[in-house]
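For reference, the structure discussed in these notes is given below.
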Amino acid sequence: MEHRNKMQQRFKIFCLGFFILAEIHSGFASTIFSELNAHWQFRKTGDKEWFPATVPGTVYTDLLDNKKIPDPFFGANEKALQWIDTCSWEYELWFDLVPGFVDEYHCELQFEGLDTYASVYLNDSLILRAENMFRTWNIECNKFLKQGKNHLVIVFDSAIKRGQEEAKKNSYTLPGEEKVYTRKAQYQFGWDWGPRFTGCGIWRPVKFIAWKGIRISNVQIGHEMINDSVAEINAALDIAADKPSIVYVKVILEGSARDSFYFERLLVNPSVEKIDVDFEIKNPSRWSCNGSGNQNLYNISIQVMNPERASDVFHSSYGIRDVELVQEKDTSGKSFYFKVNGDAVFMKGANWIPADHFLTRVTKNKYRELLIAAKEANMNMIRVWGGGVYEDDAFYDLCDSLGILVWQDFMFACAMYPGDSSFISNVQQEIIDNVKRLRNHPCIALWCGNNEIDEGWKNWGWQKQFSYTGKDSVEIWKNYIKVFHELIPGLLSTMDPTRPYWESSPSIGWGHEESLHSGDSHYWGVWWGMQPFEMYGKKTGRFMSEYGFQGMPTLRTVESFTEAGERKTESAAMKNHQKHPKGFETIGLYMDEWYKKPKDFESYVYISQLLQAEGMKMAIEAHRRAKPYCMGSLYWQLNDCWPAISWSSIDYSGNRKAVYYKVKESFEKYLVSVTDTGKNFTVYVVSDDAVNQNAVLRITAMDFSGKVRWSDSATVAVSGDAAVIGYLKSLEKIISMCDPAQTFIRLQLVNDKTILTENLYYFKKTKDLLLKGAEINFSIKAIENTVCTLEIKSNKLSKNVFLDTPGHDIEFSENYFDLLPHETRTVHFRTKLSGAEIKKQLIIRTVSDTY
Ligand code: BMA
């Protein structure tokens, strides 16, 4: 570990008694933070007039707030706003400094995020040239500051122009073209689910930091050993001091006066020095991921003080857990699974993209809503995809507290990157900044070098497309190796040696059989390869880190970016929000396979969501049936960055699409799932429970009016280690007892009267089912205040009941479900509307209403 190098003196626990204790309590904070986020102004370079700006913010949101541009997300406005990215923009701030301040304190300006090519001037002196959106900059600025008014100006160059200039210097074109030269979120240059708005701005806070005496600049917390009675914790402190002196350190574990530890140490060097502090946590409670245990977090405060009583303090929460990536050779290849606290855990989750194209609009609340939705859908892992950003601290804090492990990509995606020394040193600092910022989070399970670059280079025909010579190819690949096989793992080996590192996701492209035998897989045969959904049953690898299918956003979200006449797939507005070149065509082809032609646009929106849900259900069930061969299933993609026709499960406005509800069911702790080979009807039972148990599998064939045609049951030894076959029968026999076009099979897993889970199975695709119009009745009850229940019943099978209240966003606990004949279903929701109003507004749609 970095803080373990030989040069350091080991810090010993020291019994100091009351004297030091009293001193530490009476120390004064020697570090002053002041946010410089108010009163900024901005203008286009060359313009005279300044306009108010919001910091953190982006030039787009500032222009919008000042009513200088229309909503960039509406219709096809994106096209008309591209000029913004070709200009240079300036931001300025005046701030006051009280007399004596500069002489007394070390003053720094901290820019937590500048997007991207920024020249920063303080009182007309250039203090920083930044060129990496992902870096944090701390600039010592005493010599530029003055008493009274100070002037800070930041000039942002066009990222597109700068990238193009860099690209011109190269003798060959890199895949990804101008964007790869710029260390800026790659999706902002346009993606197959997002617009092209590159923009610029001060996208994270600006702080004025003044300190004297002593300062903690970073702390890395880790544990050396854990057993049930003790966890040995190590905190490695980076400390800066004015002069050589003694430093007293106090560690406080929140919640108990006894859990305080004192240390003292001679600082020999006034510049930044490392100090190791070791302490113990007795009877430690472990942090675990959602579904596997509690998310115990310890609040740790570390206070340092010098003999003059200048002090500084660092706070962090810390979770004691062990996460391991297990890759062991076996008969079919190599395993790929995570062990959390020693137990193999099947990872259930999704891929995350930035939650708003304009990143500073992502509030803590937005993070919370999305991550709580993930937790509610039984997820235990999210992959932060490499074309986005290293998310804000709030994101990782929430993942810590919700038990969502993070597969963290570094921010490189689907392109090849340069390898010159200035690019490499820029990337190096980016990695250092972000690993330092994030490594104390228990949620981070894995660092991954990039998204689909290894696969892209080997399979996407770039060599031919860009006419590379042999020499070019060698150089480009060498640059790749330099960053992802040498630089990043090299840094991690000292900065965060206990976390696994994986060079590229996936390691082998989906066109290759080997991709199913080792490593993680992105299986895009369905969608990109136009293979049928049934292929999910055959293409299951060791860890499915991407697969997906598009579905429309909800109708209300479509309405938010279109005029009434534009709500059709051929309109310019709609096409602009479908970024996949063959998106509508692909949806159409699969839809023809599975559903009758929807009669109107509203029906199309709804059916496209059912289609997406059907596909993801088939994929997830296949992955889980293959446990423990397959040990992870992360679909593409949890969320959206703008109102898009995309692979998302929750649309930009926060509405949960049909796929979300389906995923939630498919990720439950227990799963019963059918495979139908044409010959056999086989029921698999899957469990993610650590405890094995016997349960009864009930199988009931029922016709659409509710008549039981056949039933059976079996006792199953349910195991958390592997999926088991709970039932097997000849399909022919079952079909002979019922009409497959008018019958479904209900599967229930029961333990001692408790239904652990249930599932439905249809012999035919929805378009071939003989669905008849049903009579649906419902009643609404308010339980207390805003909490309501809806009881709904149908005289026949009602397929995919969609509850909608067009004028109001109501989130129903269940939606898009199959309502079984004569069975009451209870749905919960919250609303301020009265029962009578909801009744008036509620629209119930089923598949048979769509043709
Ligand atoms: C995956 C991702 C993205 C892309 C998505 C859908 O492979 O890594 O690059 O948006 O496919 O095409």
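Descriptive notes on the structure:
- Residue match in the range 393-408 (condition: of a type outside the set (S, T, N, Q), in contact with a helix residue (DSSP H, G or I) (Cβ under 9 Å, 6 or more places away or on another chain), open to solvent by 20 Å² or more (accessible area, probe 1.4 Å) and more than 30 Å from Asp62 (Cβ to Cβ)): yes
- Residues of the range 725-734 that are open to solvent by 40 Å² or more (accessible area, probe 1.4 Å) and either among the small types (Gly, Ala, Ser) or in contact with a Gly (Cβ under 8 Å, 6 or more places away or on another chain) (or both): Ser730 alone.
- Subset of the range 176-209 [within 16 Å of the ligand (Cβ to nearest atom) and crowded, with 20+ Cβ neighbours inside 10 Å]: Gly176, Lys179, Val180, Ala185, Gln186, Tyr187, Gln188, Phe189, Trp191, Trp193, Gly194, Pro195
- Test set (1) open to solvent by 30 Å² or more (accessible area, probe 1.4 Å); (2) within 16 Å of the ligand (Cβ to nearest atom) - Asn351 fails condition number: (1)
- From the list Glu570, Glu534, Glu563, the one residue that fits, being without any contact (Cβ under 8 Å) to a residue 24 or more places away in the chain and either away from the ligand (no atom under 16 Å from the Cβ) or polar (S, T, N, Q) (or both), is Glu570.
- Between Val384, Val406, Val389, the distinction of being more than 16 Å from the ligand (Cβ to nearest atom) and either touching a residue at least 40 places away in the same chain (Cβ under 8 Å) or not polar (S, T, N, Q) (or both) belongs to Val406 only.
- Flag for Gly470 being open to solvent by less than 10 Å² (accessible area, probe 1.4 Å) and of a type outside the set (D, E, K, R): no
- Within the range 354-391, tally of residues that are open to solvent by 40 Å² or more (accessible area, probe 1.4 Å), part of a loop (DSSP other than H, G, I, E, B) and in contact with a helix residue (DSSP H, G or I) (Cβ under 7 Å, 6 or more places away or on another chain): 1
- Restricted to helices (runs of 4 or more DSSP H) entirely inside the range 411-503, those with at least 2 residues that are within 16 Å of the ligand (Cβ to nearest atom) are 453-459.
- Any strands (runs of 3 or more DSSP E) falling wholly within the range 35-140 and containing at least 3 residues that are over 30 Å from Ala310 (Cα atoms) and open to solvent by 60 Å² or more (accessible area, probe 1.4 Å): 125-131
- Verdict on Val155 being open to solvent by 20 Å² or more (accessible area, probe 1.4 Å), more than 16 Å from the ligand (Cβ to nearest atom) and assigned to a strand (DSSP E or B): yes
- Scope the range 101-145; condition under 20 Å from Phe33 (Cβ atoms), over 33 Å from the mean Cα position of the chain (by Cα) and touching a residue at least 24 places away in the same chain (Cβ under 8 Å); matching residues: Phe101, Val102, Glu104, Tyr105, His106, Cys107, Leu122, Glu140, Cys141, Asn142, Leu145
- Yes/no for Gly615 being among the small types (Gly, Ala, Ser), part of a helix (DSSP H, G or I) and away from the ligand (no atom under 16 Å from the Cβ): no
- Listed by position, the strands (runs of 3 or more DSSP E) contained in the range 736-851 that have at least 3 residues being in contact with a His (Cβ under 8 Å, 6 or more places away or on another chain) are 787-794.
- Just so you know, in the range 778-799 the residues that are open to solvent by 10 Å² or more (accessible area, probe 1.4 Å) and touching an Asp or Glu at 6+ places or on another chain (Cβ under 9 Å) include one that is modelled with the lowest pLDDT, and it is Lys781.
- Filter result for Met495 (surrounded by fewer than 20 Cβ atoms within 10 Å (Cβ to Cβ) and closer than 27 Å to Gln612 by Cα): no
- Some residue of the range 323-332 being touching a residue at least 24 places away in the same chain (Cβ under 8 Å), touching a Phe, Trp or Tyr at 6+ places or on another chain (Cβ under 9 Å), open to solvent by 20 Å² or more (accessible area, probe 1.4 Å) and at positive phi: no
- Any pair with Cβ under 7 angstrom, 6 or more apart, that starts in the range 52-81 at a residue that is more than 29 Å from Arg567 (Cβ to Cβ) and ends at one that is among the β-branched types (Val, Ile, Thr) and open to solvent by 60 Å² or more (accessible area, probe 1.4 Å): Asp62/Thr54
- All positions within the range 633-657 that are farther than 21 Å from Thr61 by Cα and either open to solvent by 10 Å² or more (accessible area, probe 1.4 Å) or not polar (S, T, N, Q) (or both): Leu634, Tyr635, Trp636, Leu638, Ile645, Trp647, Ile650, Asn655, Arg656, Lys657
- When Tyr172 is tested against (1) aromatic (Phe, Trp, Tyr); (2) out of contact with any helix residue (DSSP H, G or I) (no Cβ under 7 Å at 6 or more places or on another chain); (3) surrounded by fewer than 21 Cβ atoms within 10 Å (Cβ to Cβ), only condition (2) is not met.
The values are calculated or read from the model by the stated rules, or taken from the named source; none is laboratory data. Quantities reported herein were computed from a predicted structural model and do not represent experimental measurements. With ideal geometry, Cβ positions are generated from the backbone for all residues, glycine too; neighbour counts draw on all protein chains shown. For accessibility, only protein heavy atoms count, side chains too; no ligands or nucleic acids. Shrake-Rupley method; radii C 1.70, N 1.55, O 1.52, S 1.80 Å.
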